[in-house]
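Report on one structure; see the data block that follows.
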Amino acid sequence: MRMVDIIIKKKEGLKLSKEEIEFFIKGITDGSIPDYQASSLLMAICLKGMDDEETLNLTLAMVASGESIDLSQIPKIKVDKHSTGGVGDKTTMILGPMVAALGVPVAKMSGRGLGHTGGTIDKLESIPGFNTELSQEEFIKIVQDIGLAVAGQTGNLVPADKKLYALRDVTGTVDSIPLISASIMSKKLAAGSDAIVLDVKVGSGAFMKTTEDARKLAKTMVKIGTGAKRKTVAVITDMDRPLGKAIGNALEVKEAIEVLSGHGPDDITEVCITLAAKMLELAGMGDFKKCTGLAERTIQDGSALKKFEQMIKAQNGNEKVVDNPDLLPSAKYTFEYKATSKGYITAIISDKLGVASMLLGAGRATKESTIDPGAGITLLKKPGDMVEKGEPVMILHANSQSLFEASVNELDKAVEISGEKPSETPLIIDIIQ
Ligand code: URA
């Protein structure tokens, strides 16, 4: 088999065989296929697409490129969740404890942030002492003991994705539905859970900018999961507005604690209850309505908050942050960002808000940048709220006052104010199963 023939075949819009896809993934993993040929095939896939069978074969070949985690020592149905990412997305820290509080084990591997804001691992590491670098044995033991662990991706999980993602990032081939689906689902399948709930975000702060594209991505990933014999559902949620009021690592941990205590913002609470209910449904805890009630109860009776505290302790973090969030790191300086005119806030564009937060130190500008755990933004107003000219819209948190100016410039592009009240749009757009 020759790589050039595979590239030409896809360039002509033809379907690749399982063997051809396996040849490509094996070659990219062992280094026998040069980057220029791999990039060329990625662009051909981007332009000509892949059908469901090719996408499943690509995903399975990527899983086979490395190790998979064996969670069979943990009894019961293990449910995983993946969010396609968004600004201020702290759902894992909330719904993991909710689901585990009901006895459904959650063994979650999470990532660090790519751009914008930090990922779940960065957020959890803002808790003093919290250890996300668990060996597979430690990870499984904590799930066996308390039903919940969140760790950074360990070992040699899907090495093909690491190489492909790095190439896609610099060759303009990130936004391809088959490539995104295979990248996400290969990591989910290798992480070993029996069932998967996907939170597919749509809007300015997400990979998918339109509902139509989000539906396509969701359907493709659900078909891959089902094809690989994992129960899989996708919930499409709105990312045209930031979720909750906090953006930034320790700020988001604080907000997660507020949600788990029953007094968090409504939007993030609603999304978490829906996602948790779907996870519980896949774990066989009843129908969606019953599972929604179960999920709500874990907040009301304090069991989800208790579970979060247990997880922090089990992963060597200072669990006292749950009762005293002031123990979390905070920034030395704050700055009020004020409305430039009177009216309704019609939009706070999520990706620009993410960049503004990153500029304060909450995210990485490059892979090598370090994260400032206390930095970020607290929203005082959300889209739909009325503001007076000069009224504070958000508070910026940073450890150097010199960082505020660039962030404010970005926020001037993010906040839109108009005389007309914007119409309310649903947060949960669709559920694909
Ligand atoms: N997240 C991933 O893990 N891979 C993609 O391709 C896009 C988002």
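Observations on the structure shown:
- Scan of segment 364-394 for residues that are in contact with an Asp or Glu (Cβ under 6 Å, 6 or more places away or on another chain) and under 15 Å from TYR337 (Cβ atoms), ordered by number: PRO392
- Test: LYS78 is away from the ligand (no atom under 16 Å from the Cβ) and either within 29 Å of ASP52 (Cα to Cα) or open to solvent by 10 Å² or more (accessible area, probe 1.4 Å) (or both): yes
- Segment 226-270: number of residues that are assigned to a strand (DSSP E or B), of a type in the set (Val, Ile, Thr) and under 15 Å from the mean Cα position of the chain (by Cα): 4
- Of the residues making up segment 416-433, those that are assigned to a strand (DSSP E or B) and closer than 13 Å to VAL271 by Cβ are ILE428, ILE429, ILE431.
- Selection from segment 42-65 of residues that are open to solvent by 80 Å² or more (accessible area, probe 1.4 Å) and over 27 Å from the mean Cα position of the chain (by Cα): LYS48
- Test: residue in segment 233-253 that is of a type in the set (Ser, Thr, Tyr) and either at pLDDT 95 or above or surrounded by fewer than 24 Cβ atoms within 10 Å (Cβ to Cβ) (or both): no
- Taken as a whole, the condition of being in contact with a Lys or Arg (Cβ under 7 Å, 6 or more places away or on another chain), over 16 Å from PRO242 (Cβ atoms) and among the charged types (D, E, K, R) does not apply to GLU336.
- The residues in segment 385-406 that are more than 23 Å from ARG241 (Cβ to Cβ), in contact with a strand residue (DSSP E or B) (Cβ under 6 Å, 6 or more places away or on another chain) and open to solvent by 40 Å² or more (accessible area, probe 1.4 Å) can be counted, and the count is 1.
- Restricted to segment 109-183, the set of helices (runs of 4 or more DSSP H) holding at least 1 residues that are within 16 Å of the ligand (Cβ to nearest atom) comprises 120-124, 159-171.
- Members of segment 12-41 that are open to solvent by less than 20 Å² (accessible area, probe 1.4 Å) and part of a loop (DSSP other than H, G, I, E, B): LEU16, ILE33
- Selected residue (criterion: most open to solvent (accessible area, probe 1.4 Å)) from residues of segment 184-218 that are outside any helix (DSSP H, G or I) and β-branched (Val, Ile, Thr): THR210
- Filter pass, SER193 being closer than 17 Å to GLY96 by Cβ and at pLDDT below 95: yes
The values are calculated or read from the model by the stated rules, or taken from the named source; none is laboratory data. All figures in this text were calculated on a predicted structure; none of them were measured in a lab. Positions of Cβ are backbone-derived with ideal geometry, glycine not excepted, and every protein chain shown enters the neighbour counts. Just the protein is used for accessible areas: all its heavy atoms, side chains included, with ligands, DNA and RNA removed. Shrake-Rupley method; radii C 1.70, N 1.55, O 1.52, S 1.80 Å.
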